[in-house]
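Encoded as structure tokens, the structure appears first; notes follow it.
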Amino acid sequence: MGPARPVDVLIVSLGSTHGLRAADEQLAGALERAGASVEIAAARRPRALRTMMLTDLAWAVAARTAARRALAGLAPRAVIYSSTTAALLWPRPGAIRFDAPSSGNRPGRHGLWQRPLERRRLARAPLLLPWSDGALREAPADAARARALVVPVAVEPSGAPAPERDVAALTYAANPAKKGLARVLAAWRALPADARAGGLIVAGAGERELARAGIDAGGHDVRVVGSLAPGEYRALLRRARVFVCAPLREDYGIAQLEALADGCRLVTTPAPGPYAALELARALDRRLVGEDLAAGLRAALVDPLPGYAERARGQLAPYTADALDALVAEQLVPRLLEEGAQL
């Protein structure tokens, strides 16, 4: 075997969801535009397991295998583990990028082994790269802010707005129980018929998945479209007047940020977790954020505030691709390569 090939940054990508994979590819592109050479080591998806503890273990093993394989042929100046799960069994310390720590989203028995090991990894990592300030606040106290740099996932409009916003509301329901779909449907059905003109589209889950979750989405101008390709889904956002959700917890809320970027008004209940879009939604129209989801929907559909989409674009300025590129070039690359050189 020849000498290891030098590279500036190795990203160990967990990639357990489309959103995580897209975020890793986005970060790699920003690093490359800043002049750094980048390789991505992607974990192979393990077989489905019954408990969250076993699932996390399987993904952590897969990430360690991917990292070891990459390190056998590469000599990176710095390593970024994408998610705390990817870092749990790391073969070499590195920076950790995360949307939320296990201390926040693995309560009780679901995180019995993950939380203490995560705490040790976060304490030892030379650099922490949370997606949001909220993610860092949820991290253990010894995840020092001095070693942290917030690196959000960039969100841009997906295209020109549709000629007519002919869909009243859209919700994203992958994992329908966690997304609070039952609450969304109850609020929708409480609206008068004229307010429901244009219908509610449920994306991200099909009829079978909803049936397994014990959710009946039939009637009241509701259409279930299942999982869609990203382009198809964003095209629906450009047609919708409202994006509505009632998450039990939100680790970041990329779907809500995408909805704002594509001109939807965001109607949401408050939720625990580092919910990046929550304060944006309150600043845009406080009536649309609250436990009374039906009242929020009525206000958004029947009495919308003017200029909402334009103000949303201003609120999203820190989340643009240009803002991410500037952050990566001016702050991340110097800190990452300096920290990597110390290992």
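Every condition in (1) without any contact (Cβ under 8 Å) to a residue 60 or more places away in the chain; (2) under 11 Å from Ala169 (Cβ atoms); (3) buried (at least 18 other Cβ atoms within 10 Å of the Cβ); (4) touching a helix residue (DSSP H, G or I) at 6+ places or on another chain (Cβ under 8 Å) holds for Leu210 except the one numbered (2).
Among the conditions (1) surrounded by fewer than 19 Cβ atoms within 10 Å (Cβ to Cβ); (2) modelled with pLDDT of 95 or more; (3) within 18 Å of the chain's Cα centre (by Cα); (4) within 19 Å of Ala271 (Cα to Cα), Ala186 misses just one, which is (3).
Scanning region 252-274 for residues that are over 19 Å from Ser158 (Cβ atoms) and either buried (at least 22 other Cβ atoms within 10 Å of the Cβ) or assigned by TED's automatic domain parsing to the domain that holds Pro107 (or both) yields Val267, Thr268, Pro274.
Please find, within region 163-183, the residue that is surrounded by the fewest Cβ atoms within 10 Å (Cβ to Cβ) out of those that are touching a strand residue (DSSP E or B) at 6+ places or on another chain (Cβ under 8 Å) and over 11 Å from Val222 (Cα atoms).
The qualifying residue surrounded by the fewest Cβ atoms within 10 Å (Cβ to Cβ) is Arg165.
Ala143 satisfies every condition listed in (1) modelled with pLDDT under 90; (2) touching an Asp or Glu at 6+ places or on another chain (Cβ under 6 Å) except (2).
Would you tally the residues in region 135-156 being of a type in the set (A, V, I, L, M, F, W, C), in a helix (DSSP H, G or I) and buried (at least 18 other Cβ atoms within 10 Å of the Cβ)?
2
Looking only at region 295-308, which residues are surrounded by fewer than 17 Cβ atoms within 10 Å (Cβ to Cβ) and either touching a residue at least 12 places away in the same chain (Cβ under 8 Å) or of a type in the set (Lys, Arg) (or both)?
Looking only at region 295-308, we keep the residues that are surrounded by fewer than 17 Cβ atoms within 10 Å (Cβ to Cβ), and these are 295, 302-307.
Hits for region 295-308 are Val302, Pro304, Leu305.
When each of Ala174, Ala190, Ala169, Ala182 is tested for being under 28 Å from Tyr252 (Cα atoms) and in contact (Cβ under 8 Å) with a residue 60 or more places away in the chain, the lone residue that passes is Ala169.
Scanning region 63-117 for residues that are β-branched (Val, Ile, Thr) and surrounded by fewer than 21 Cβ atoms within 10 Å (Cβ to Cβ) yields a single hit, Thr65.
Residues of region 23-37 that are in contact (Cβ under 8 Å) with a residue 12 or more places away in the chain and under 22 Å from the mean Cα position of the chain (by Cα): Ala23, Asp24, Glu25, Gln26, Leu27, Ala28, Ala30, Leu31. Only one of the numbered conditions (1) assigned to a strand (DSSP E or B); (2) of a type outside the set (A, V, I, L, M); (3) more than 16 Å from the chain's Cα centre (by Cα) is not met by Gly159, and that is (1). For region 1-38, a residue qualifies if it is farther than 19 Å from Val328 by Cβ and crowded, with 20+ Cβ neighbours inside 10 Å, and the qualifying residues are Leu14, Gly15, Ser16.
Quick check on this structure: which one of Ala277, Ala235 is within 17 Å of Val202 (Cβ to Cβ), among the small types (Gly, Ala, Ser), out of contact with any Pro (no Cβ under 6 Å at 6 or more places or on another chain) and modelled with pLDDT of 95 or more? None of the others qualify; the one that does is Ala235.
Looking only at region 268-291, which residues are assigned to a helix (DSSP H, G or I) and either in contact (Cβ under 8 Å) with a residue 24 or more places away in the chain or within 18 Å of Lys178 (Cα to Cα) (or both)? So that I can check it myself, show each step before the final result.
Going residue by residue through region 268-291, those that are assigned to a helix (DSSP H, G or I) are 276-284, 286-288.
Passing the criteria: Ala276, Ala277, Leu278, Leu280, Ala281, Ala283, Leu284.
Part of a loop (DSSP other than H, G, I, E, B) and touching a strand residue (DSSP E or B) at 6+ places or on another chain (Cβ under 6 Å) - does that describe any residue in region 236-258? Within region 236-258, none of the residues are part of a loop (DSSP other than H, G, I, E, B) and touching a strand residue (DSSP E or B) at 6+ places or on another chain (Cβ under 6 Å).
The values are calculated or read from the model by the stated rules, or taken from the named source; none is laboratory data. Everything numeric in this text was worked out from a predicted model, so none of it was measured. Here the Cβ is made from the backbone with ideal geometry for all residues, glycine too, and neighbour counts use every protein chain on show.
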